[in-house]
Every structure is written in structure tokens, then in C-alpha cells.
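First the structure, in the form of C-alpha cells, and then the observations on it.
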Amino acid sequence: MTISRTRLVMGNWKMHGNLADNAKLLAGLCAGAGSIAAGTQLAVCVPFPYLAQASEALKGSAVAWGAQDVSAQAQGAFTGEVSGAMLKDFACRYALVGHSERRSLHGESDQLVAAKAKAALASGLTPVVCVGESLAERDANQVMAVIQRQLAPVLALGAEAVNKIVVAYEPVWAIGTGRTATPEQAQEVHAAIRAALQAIGAGQVQILYGGSVKAANAASLFAMPDIDGALVGGASLVAEDFLAIAA
Ligand code: PEP
């Protein structure tokens, strides 16, 4: 039996934007979202200060929104942290966890990423767990070992939890570099991730590809059987470019 998974095209604005530019981008997304094929969910992960703006602008539209990180803690003396409950106050649906920039620039461990995923779930958010190897790791034939190491503490949360997450495979060498994994390279890793999820009874979890996705390469990536959508950085900052990927 073939079960079709919904496609998810998610933007990651990273640390870009301001009130005026965001207003134009969000209006462009609202205007264009209606023409996106049914069965494709659009979402944007915006910087924390702009969650109120995004929720106001996107409310009632076909575009969901979320944050780029979430604390592993529920509340308390954690200066600078933002909890899942706070994100829910702004009606977030998603929270990225373990983006490679968090792992490399902020030293986030695989265990911390899993704890963040658990905290997001406890608040009713869908964590988008990002995994991916560096170029040195790919060159050393360590891709699958790295992905399995990164996923292990997340899988240990158990099938009930894992069935509520999204996984994003983002090879670090493809993020923001203009160098995309070929559809075959991406599919190989997605199939391995699918098998690991399947082994614990979570084989229908959405697995997104991320790394220099643009309109020109989206269709060939999305044609792969285990690629369920994309996590998009640079090309999510222009409404037409982002919508063209989803289209
Ligand atoms: C990302 O930020 O997750 C990303 C994939 O960025 P880009 O699309 O710019 O490579």
C-alpha cells in the first residue's frame, strides 16, 4: 500500500528581515499561497521578535509559521532562551531544532537537540529536527554514521513522539553555498533516514531536504520517493522565489 505524505515547503529566514521588509514578504506569501497545489503545506520560520508580526499577517492564510529554535527548558532562569509555551502563545506550529548553524556556532549536541525536540512536542509544537554531514565527513564516507549518531537520541524518544516530528536532511556543504546535493545523493540519505524511522514504527514521518534549494532544482528533488519537501534558506526571503519552489 502506498501512503502519500503531504509535501511541506518551509522557509528559514535565519537572522534576516525587518518590520517593513517582512510586511512585503508576508503579504506576497499570502497573495500567492492560494495558487500552490493542494497537498503542499507552506510555512516560514521567522526570528523570534517577528513572530507577532508573522502570526498577525498569516492568520487565516494557507501559510503556517514557526520559530528557528526552542529551549529544552519549560521555564525559569534561562536568560535568552525562548520556551515552547511562549512560541505557542504566538500560535507557532513548528520549531526548527538542531539546525547546523546552531550545532556548529552554538555547540548544540545531539542530546540537546533531542531534548529540544522533546520540549517542543510537550508544548504541542512540531519540531523539525535538522541533521546533516559536513563536507569532510562526506569525503571520509561517514555520511550514514553521522546521520545515525545525530538521529539516535531523537529516535530514543520513541515511536509516539517521533511520529509527530519532521526531519530535515541538510548536508552542511550545501547550506548557503549554492551547491545542492544531486537528487540521487539526497534520496540515498533520505532512504536511509526513512529506514531508521521505519525500524521504530515511524516510517511516514516527513523528511525534508535542505541546502540551496531553488525553483530550478526543486522539481527534480521533489520527484524522489523519500523527499517530502524542502527547508529553504536564501530563496525563502523573496516571496516569488519561495512560492516558485512550492509550485
Ligand atoms: C537553511 O538555512 O536551512 C538552508 C537550507 O539554507 P539555503 O537554502 O540558503 O542553503
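What is the number of the single condition among (1) of a type outside the set (D, E, K, R); (2) assigned to a helix (DSSP H, G or I); (3) away from the ligand (no atom under 16 Å from the Cβ) that Ala38 does not meet?
Result: Ala38 passes all but (2).
Tally time: how many residues in segment 10-38 are of a type in the set (S, T, N, Q) and in contact (Cβ under 8 Å) with a residue 60 or more places away in the chain? Please lay out each step first, then the result.
Of the residues in segment 10-38, the ones of a type in the set (S, T, N, Q) are 12, 18, 22, 35.
Narrowing the set further to residues that are in contact (Cβ under 8 Å) with a residue 60 or more places away in the chain leaves 12, 35.
Qualifying residue count, segment 10-38: 2.
Residue under question is Ala117, and the condition is that it be surrounded by fewer than 21 Cβ atoms within 10 Å (Cβ to Cβ) and either assigned to a loop (DSSP other than H, G, I, E, B) or touching a residue at least 12 places away in the same chain (Cβ under 8 Å) (or both); does it hold?
No; evaluated as a whole, the condition is false for this residue.
For segment 143-247, give me every one of the strands (runs of 3 or more DSSP E) that falls completely inside it and has 2 or more residues that are modelled with pLDDT under 95, surrounded by fewer than 19 Cβ atoms within 10 Å (Cβ to Cβ) and within 13 Å of the ligand (Cβ to nearest atom).
none
Conditions (1) without any contact (Cβ under 8 Å) to a residue 24 or more places away in the chain; (2) within 20 Å of Gly233 (Cβ to Cβ), marked per residue:
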| position | (1), (2) |
| --- | --- |
| Cys92 | no, yes |
| Val97 | no, yes |
| Glu101 | no, yes |
| Ser104 | no, yes |
| Thr126 | no, yes |
| Val129 | no, yes |
| Ala140 | yes, no |
| Val143 | no, no |
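Please enumerate the residues belonging to segment 11-44 that are surrounded by fewer than 11 Cβ atoms within 10 Å (Cβ to Cβ) and in contact with a strand residue (DSSP E or B) (Cβ under 9 Å, 6 or more places away or on another chain).
Scanning segment 11-44 gives Ala37, Gly39.
The values are calculated or read from the model by the stated rules, or taken from the named source; none is laboratory data. Just so it is clear, the structure is predicted and the values come from calculations on it, not from any experiment. Glycine gets a Cβ as well: all are built from the backbone with ideal geometry, and neighbour counts include every protein chain shown.
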